[in-house]
Structures are given as structure tokens and as C-alpha cells.
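The values are calculated or read from the model by the stated rules, or taken from the named source; none is laboratory data. All figures in this text were calculated on a predicted structure; none of them were measured in a lab. Note: ideal-geometry Cβ built from the backbone for every residue, glycine included; neighbour counts use all protein chains shown.
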């Protein structure tokens, strides 16, 4: 079997890239054992990350700002969107693709072999199966509740990105916060989240912490959500063959766990490069993006070095940074200058104990030289 492009994996990243390739007239084969499976995770991004080509119907809920609570409540005045996953999957149509419902056992630069023995040859193979591996992980446990029952946790805001108060009674096991966001007009997700841990806070601990938060409030869970995924991908994804995409390909922000917005945003650029006969890695990984990837990896090491109390104090400081610096660090995938300035500003603003932790956590490595490799 011969095709122009094989995309392995039909999650949000793989499906988005396949969809844009098809729109550019590229013949695509999608390999996934269960491409029809509904997406049950909650996918969200900053509103200004949503690409122009997505229809407005993919939005489940949208707010103009989110709150962060540490010692005080700070409003981050930046639009935030939670996707309607059913509508998002439907919008990323694959009607013209060849769908192979099978497990990929060998993924090479120009061929894929499946468990059933099929071999597909292509000019380009892209691995978008998600990020495997051990090491640092983000974990969470959440419940979806009617909006009225979520009001005590939202307060006078529409969404809470991070509520670090009060600290959990077992905080020594690792820091966690409440993530409270609307999914649509009627439902709100209340989720206890360990942003990054090595080892991570076990999901069972997070469930107990959420129960502790919710105690004394009438809660009728409509459904639950479990989160556990790796945060550390390839050191230099621009050197990996076959090409890796999505969270597997370095598009996951290692210090936040966000990847869907970045994958959607760059999918069309990669599709255009392939359709025009160019190396897609040029669209994925310009030098500025490689620098940012290195800086973000430093940020993850620094975050993992902090105690639970220091983590809360650090985010208290981050919430006070100018919005331009917050945006640069959270979303500037190819904004090396803005990312470096934001990290420098945070380093200068935190207390001396956190600065010492940062310095101990970050080895003396030549980030600029590494990005050129």
C-alpha cells in the first residue's frame, strides 16, 4: 500500500494534522486501532491560540478571563476556551482519508507495519500517538457537576485556572490545586490537579483531596475524569525520525501540560509545507522554536525542584507578571525572546529561597548551542 503521508494516531493532534493535509489535497492514511473512539478528556486552550480554520461550533464554553488564587485572587485577563470534544472531533473530518484500524508495530521514516502484517509506504510518516514514557507526569482527578453546585468554588468568577487554597492536609506528598472550568452552559469540571510531579501525586491522593475540598457542599457528580500523562518528551524532537507530532513531538508545554492548542495552531503550517514539497520540520521547528523548547525544559526542571509551599509562592508571583510575559511563557512556542524575558522576570521577582532552588535545579548548559544541533 502506497500513500503520500501516513499519520499514526487519531487523537486531537493526529486528526487535526490529517484533516489539514486532506484539505491541501494530500493523500493520507491514518493508522489507529480505534479511530472512532470518543474523546473523554477535557481539552482547553487560550482563546487566542485557536486557528482561523476551526468553526465556532467546536467551543463548549468560553470566558474572557480566568482566576488564580494563592494568597489573593488574581484575574488573568486572557480569553480561555474549553472545547466541545464531540464537535471538535466532528469538525476534524477524515472523510477522504484511508483509515486503517490496526496497531502500528513498526513506525519508520517511510513505512509503517501493523500488527496484522500490513505495510504502508509513504513519502512522509508522522507519529502522533501521544507521549509515552516514565518520569515527570501530570495527574488529576475531577468530577463534572451541575453549574449551580459549582458556584461556591467559582465564587464571582466564571473559571478558575488554579486555586492553591487551602493547602491539602497531605501536601507533603506534592502540591496540587483546584481547576474549575465550565464545560458548557450547564456543567462545570472541578478537578484536583498535580501540575508536575516526579514522582507525581497519585490519582488516589488527588481524589481524596478533592473529596476534602468538596466536603460540606451538596455535590451530585454527573461523571468523573482521571488524568495521568507524561510531561517529558524527546530532548530534541527536530532530530527524531520519523517525524513526531503533538505531545509526542514536543508540542506539549512541559511545565503546564498543554498541547492541544499548539497542535491545532501548527497543523496547517505543517500541512502546507508537505503539500508544497518542503521539509515539514522547517515549519515545526524553526530555530526560535527550538530555543523555546530548551527554555521550557529548564522551566520544568525548576518547577520539579520546588517544595509544595514554594510552588504556591512561585505561582503567586507568576500571577502578578504582566500579561504579555504570561502569554509569552504560556503560548509563545517560537517567541524565544519573550519566553526568556518572562523567565528572567519571574526569577527576579520570586523570593531568594525559590531562586536558590531554581539555580540548583538548572545545570550549566548551553541552551543556544543545543538549539542549533
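A few notes on this one:
- Pick from the range 100-130, criterion free of Cβ contacts under 8 Å to residues at least 12 places away in the same chain and surrounded by fewer than 14 Cβ atoms within 10 Å (Cβ to Cβ), ranking: nearest to residue 36 (Cα to Cα): 105
- Odd one out for residue 309 among (1) closer than 17 Å to residue 334 by Cβ; (2) modelled with pLDDT under 95: (1)
- Within the range 326-365, the set of residues being buried (at least 18 other Cβ atoms within 10 Å of the Cβ) and not in a helix (DSSP H, G or I) comprises 332, 333, 335, 350.
- Positions within the range 284-294 being surrounded by fewer than 18 Cβ atoms within 10 Å (Cβ to Cβ) and touching a helix residue (DSSP H, G or I) at 6+ places or on another chain (Cβ under 8 Å), in sequence order: 287, 288
- Test: residue in the range 198-213 that is surrounded by 22 or more Cβ atoms within 10 Å (Cβ to Cβ) and part of a loop (DSSP other than H, G, I, E, B): yes
- Of all residues in the range 178-185, none are buried (at least 19 other Cβ atoms within 10 Å of the Cβ), outside the structural domain of residue 75 (by TED's automatic domain parsing), modelled with pLDDT under 95 and at negative phi.
- Filtering the range 20-69 to residues that are assigned to a strand (DSSP E or B), more than 16 Å from the chain's Cα centre (by Cα) and more than 18 Å from residue 7 (Cβ to Cβ) leaves 59, 60, 61, 62, 63, 66, 67, 68, 69.
- Residue check, residue 25 in contact with a helix residue (DSSP H, G or I) (Cβ under 7 Å, 6 or more places away or on another chain), more than 26 Å from residue 130 (Cβ to Cβ) and at pLDDT 95 or above: yes
- Qualifying positions in the range 18-29 - out of contact with any strand residue (DSSP E or B) (no Cβ under 6 Å at 6 or more places or on another chain) and surrounded by 19 or more Cβ atoms within 10 Å (Cβ to Cβ): 19, 20
- Residues in the range 145-166 that are assigned to a strand (DSSP E or B) and crowded, with 18+ Cβ neighbours inside 10 Å: 145, 160, 161, 162, 163.
- Just one of (1) out of contact with any strand residue (DSSP E or B) (no Cβ under 9 Å at 6 or more places or on another chain); (2) within 21 Å of residue 52 (Cβ to Cβ); (3) in a loop (DSSP other than H, G, I, E, B) fails for residue 263. It is (3).
- Condition met for residue 267 (within 26 Å of residue 121 (Cβ to Cβ), touching a helix residue (DSSP H, G or I) at 6+ places or on another chain (Cβ under 8 Å), surrounded by 24 or more Cβ atoms within 10 Å (Cβ to Cβ) and assigned by TED's automatic domain parsing to the domain that holds residue 58): yes
- Matching entry among 79, 117 (being more than 23 Å from the chain's Cα centre (by Cα) and either modelled with pLDDT of 95 or more or at positive phi (or both)): 117
- All positions within the range 79-118 that are over 16 Å from residue 14 (Cα atoms) and assigned to a strand (DSSP E or B): 80, 81, 82, 83, 105, 106, 111, 113, 114
- When the range 119-131 is limited to residues that are in a loop (DSSP other than H, G, I, E, B) and in contact with a strand residue (DSSP E or B) (Cβ under 7 Å, 6 or more places away or on another chain), the one that is nearest to residue 244 (Cα to Cα) turns out to be 128.
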